[in-house]
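To start, the structure itself, in structure tokens.
The values are calculated or read from the model by the stated rules, or taken from the named source; none is laboratory data. All figures in this text were calculated on a predicted structure; none of them were measured in a lab. Here the Cβ positions follow ideal geometry from the backbone for every residue, glycine too, while neighbour counts run over all protein chains shown. Accessible surface areas use protein heavy atoms only, side chains included; no ligands, DNA or RNA. Shrake-Rupley method; radii C 1.70, N 1.55, O 1.52, S 1.80 Å.
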Amino acid sequence: MPETATPSGAGTSQEADIMSALGTRSIVLVGMMGAGKSTIGRRLSARLHLPFLDADTEIEAAAGMSIPDIFETHGEPHFRDGEARVIARLLDSGPAVIATGGGAFMREETRNRIRDKAVSIWLKADADIIMKRVKRRADRPLLQTADPAATVGRLIEEREPVYRHADLTIWSRDVPHEKIVDECLDALHVRLCGDGTRQAPNALSATP
């Protein structure tokens, strides 16, 4: 089920401008596991007073089993098919902030849907940051390997050329979460409202 932020009052002018320009579209966060998509997504949704939807949580609810169990029982292709269906449904459910799994954006069908119905933000994180954040968790099926660090490096190499197709790119790093959220909002304002006066220093160029 979506997590809906409780409005604490009128949003800032920047946030109101973003919401007006966003219309019926959603904001979709993409990137590697451990990049902070869920953490930043929840805070971003609160700032914009939008529902927050975690695609992985929605997949588990639809399947009635955990993602590791889906991988073990049915395999990755089955999981990816279900993931694409769930994300399509979330995109049709109205404006929201949606956090996607690390492999979701690799599917062309899903990328096209996100392009048509959302503004996408790639939270870009380097391998050291990712490993620091995921090494204590045992629920990452793709990291159940003899050398998780090498697996992360391989996934980054495979996925980053595709992640670059996102509308916006923000560096995810070890700073307060609200700083990353502020940079997301600044970049969204530039993208949607054409105001280049507040470009965040760690917001990379949007994909043409």
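Each label was represented as a point 7 Å from its Cα along the Cα-to-Cβ direction; for residue 80 and residue 93 these points are 2.4 nm apart. Across the stretch 1-114, the relative contact order, built from alpha-carbon pairs under 8 Å that are at least six residues apart, equals 38 percent.
Put a dot 7 Å past the Cα of residue 132, heading toward its Cβ, do the same for residue 147, and the two dots end up 2.3 nm apart.
Straight-line reach from residue 132: which aspartates and glutamates fall under 12 Å, measuring Cα to Cα and dropping same-chain residues less than 8 apart? Within reach: 174. Here the stretch 47-126 is treated with +1 on each Lys and Arg Cβ and -1 on each Asp and Glu Cβ, and its dipole about the Cα centre works out to around 480 debye.
For the pair residue 66 and residue 20, a Förster radius of 41 Å applied to the C-beta separation gives a FRET efficiency near 0.60, rounded to the nearest 0.05. Once all protein chains are placed together, residue 81 keeps about 70 Å² accessible to a 1.4 angstrom probe.
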